[in-house]
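Quick notes on the structure that follows.
Each reported figure results from applying straightforward, stated rules to the coordinates on display, with no laboratory input. Predicted model, so just to flag it, every value in this text is computed and none were measured. When we count neighbours, we look across all protein chains shown, and the Cβ atoms used for this are built from the backbone with ideal geometry, even at glycine.
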Amino acid sequence: MNSPDDRIEQRARALFRQASHSLDPAMADRLRAARRDALQTATPAHRAVRLLLLPAGAFAAVALAALMVWSPRHPVPAGAPATMVAAAAARAPDDGELPPDADSADPALYQNLDFYGWLAANDPPATTRR
């Protein structure tokens, strides 16, 4: 079960332990100082990234919340109760003011478009009509 890689790893560990026990104190101090310097120089870069990510994440969260609150349409879900659909239809504007679709309207309506334009322009306001 001892593969060549396992034997190499075990030998490297044994050599590392032997070398670390026989290390003189001056060299150990220099290595500890180098380690401290390396850790201190790496920390400000990490803090700078963290300081940039925090406001960017907060801005993204606020933008997403604003988008969800002020979305222009709120469609009725497919499984909505009939009362919700009826209430939404009651709030919809009356389409009686709009002209009919060309497919469903009588073609004779489109023959005298000038007359209908004149009628709309000369029609008295709805408040005086009886």
Within 15 Å, Cβ to Cβ, of D5, how many net charges do the neighbouring residues add up to if Lys/Arg are +1 and Asp/Glu are -1? +1
For the pair A108 and Q10, how long in nm is the line joining their label points, each one 7 Å along Cα→Cβ? 10.6
